[in-house]
Every structure is written in structure tokens, then in C-alpha cells.
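To start, the structure itself, in C-alpha cells.
The values are calculated or read from the model by the stated rules, or taken from the named source; none is laboratory data. Model, not experiment: these values are computed from the prediction. When we count neighbours, we look across all protein chains shown, and the Cβ atoms used for this are built from the backbone with ideal geometry, even at glycine.
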Amino acid sequence: MQQFETYLANNLPKVTTFHPLYEEALGAMLQAGGKRFRPMLLLSIVDAYEPLLHDSALPVALALEMFHTYSLIHDDLPAMDNADLRRGHPTLHKRFDEVTAILAGDALNTDAFLLIAKAPLREDVKVKLITLLAENGGSQGMVLGQAIDCWFENKPLTLDEVKVLHTNKTAKLIAASLQMGAVIVGLESSVQKALYDFGIDLGLLFQIQDDIIDETQSEEQAGKTTGNDSDKNSFVNLLGLEAAVSEADTLAKDLQRRFESFDETMQSALRPLMEQYLYRHQ
């Protein structure tokens, strides 16, 4: 984690411009902290199987964090969640203005793909990485989930529909992070698929846990605006808090069982992150 934080701090977006706030806005939410879960998933796999590729994978890990951060900046906008707080800091549209927040998100989105394109990895590997990020983060993935989320505010969905929503909005980028790590180190396609499928359910668990946090924690505890899901199709709104906690526990147990089916190298790589986050709602 510390190596990644140092790399991030040394590679924040730099732009020579007379605009008084632009460069500061690009780096503000990246510097605000966060779990760095997606880059850590990728780097854990790289370090376990091909540690000599760690430095070459750092730009890809940063690209994932930049792409995720863009999504948070846009998710917090007045047109979407209209949130005041993210990662314990004022959201970008509050700190600066709405136009600056929109453009900073746009820039981080695009620059994420540039980082991968310029990474010191084989060209065919980079094409696959860019494809995975685009497929899971674009119109068939995260953006689709966000579109469903916004369109169906105040319009209750079924449990299966809520799972489709959050599979796209949250889970696919987590799953892609695992698969991208596997691509960098050249793991077999069957292992990549198993990791991706594991990541989808891990992402759903994360979303249920976030819904529980929104319901049970203050803004100070969560480090972001909470109590903001009353109009949303959240698992807590659909199931109730007690049933949502039970759903999270069931999913966590299934993930633990599948985690134990991975080879020892993979288990060693992911165990610290699993222990830290698998039961984080408890």
C-alpha cells in the first residue's frame, strides 16, 4: 500500500496551464485517500506470481484508481447523489464548482487509458487491459449501472434487478481489477474467469456492506455523505437492515468457500485483503 501511495503522489496529473484550479482539481480526490481496493487487488496478484513486474504494473494500478475516482466524482454531482462529503473531504463540486468537478472526472477517465497505453508492458497485454477496463467501466458496465441507479430512483426494483444494477455499477470494476492482474502475469484463461466471477460476487458484497454503512454510520464514521440512499434501490431499502446483514453474511461465507479453492499462491496474495474487507460490516 505504501509503495502505491508513494507512486500515486509522484504521478499525480500535471498540466502546465494558466487555469488557477485545474491541476489542483485533478489531483484533489486522488490525494484524499480511500481504500485503494482495486489497485491493491491487481498488485497483490502481480506480486504473488511475477514480483519483477511490480513496477511495470504500477501505472495500471494507478489507472484503476483514477478511473474509480472519476466515477466517485461524477456520482457525487448535484445531478446524481448531490453529496457533500467523500473520503472525509468536501466533494469536488463543493470544494470548487460543478463544472470543474465534471471536467476533472472526464480527465481522470481518459487519462486512465493513457496510463495503461504507456505502461512498460507488452503491447498485446496492454490491449487486453484497456479492453477489460472499457468493457467493465463503460456503456456495458459501470456507466450502465449508474444509469439504472439514477433512472429508477423512487421506482422500486426487484432483488434480481437490484443485483443487476450493482453488478454493473460496483462489481464489474472490482472483478476487472482481479482479472487485469491475472492478465499481466499471464495466468490461464480459466483462472482469469474464476477470478472475475469471484470479483463479481465480492463487488456485490461490497455494495451490500456500503448500504449497511449508509444506514448505520454517521458521516464522520463513514468519511462520506450517509443517509443518502432513501430514494435509492439499495439492498437495505429492499430487504431491511437485518435481512441485508444476513444476505451479506451468506455471500461472505460463499466467497470464503470459493477463496479456499484457489491455489496457495493466490490465497496468500489475496488473504490480507480478504481478511480486511470480507466481513467489514461486522
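What the table below lists for this structure:
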read-out	value
Subset of the range 228-263 that is surrounded by 14 or more Cβ atoms within 10 Å (Cβ to Cβ) and of a type in the set (Gly, Ala, Ser) - its residue that is modelled with the lowest pLDDT	Ser234
Long-range neighbours under 7 Å by Cβ, at least six apart or interchain, first residue over 20 Å from Asn109 (Cα atoms) within the range 143-157, second loosely packed, with under 13 Cβ neighbours inside 10 Å	Glu153/Asp231; Asn154/Asp231
Failed criterion for Leu21 (all others in (1) in contact with a strand residue (DSSP E or B) (Cβ under 8 Å, 6 or more places away or on another chain); (2) of a type outside the set (Ser, Thr, Tyr); (3) in contact (Cβ under 8 Å) with a residue 60 or more places away in the chain hold)	(1)
Helices (runs of 4 or more DSSP H) (entirely within the range 69-160) containing at least 2 residues that are touching a His at 6+ places or on another chain (Cβ under 7 Å)	98-118
Residue match in the range 82-103 (condition: closer than 28 Å to Val183 by Cβ, crowded, with 16+ Cβ neighbours inside 10 Å and at pLDDT 95 or above)	no
Members of the range 13-58 that are among the aromatic types (Phe, Trp, Tyr) and surrounded by fewer than 15 Cβ atoms within 10 Å (Cβ to Cβ)	Phe18
Residue pairs meeting the criteria (Cβ under 7 Å; at least 6 apart or on separate chains; first of a type in the set (A, V, I, L, M), in the range 244-263; second assigned to a loop (DSSP other than H, G, I, E, B) and surrounded by 12 or more Cβ atoms within 10 Å (Cβ to Cβ))	Val245/His281; Ala248/His281; Ala252/Leu278; Ala252/Tyr279; Leu255/Leu278
Boolean, Ala112 is modelled with pLDDT of 95 or more, crowded, with 21+ Cβ neighbours inside 10 Å, over 18 Å from Leu173 (Cβ atoms) and out of contact with any strand residue (DSSP E or B) (no Cβ under 8 Å at 6 or more places or on another chain)	no
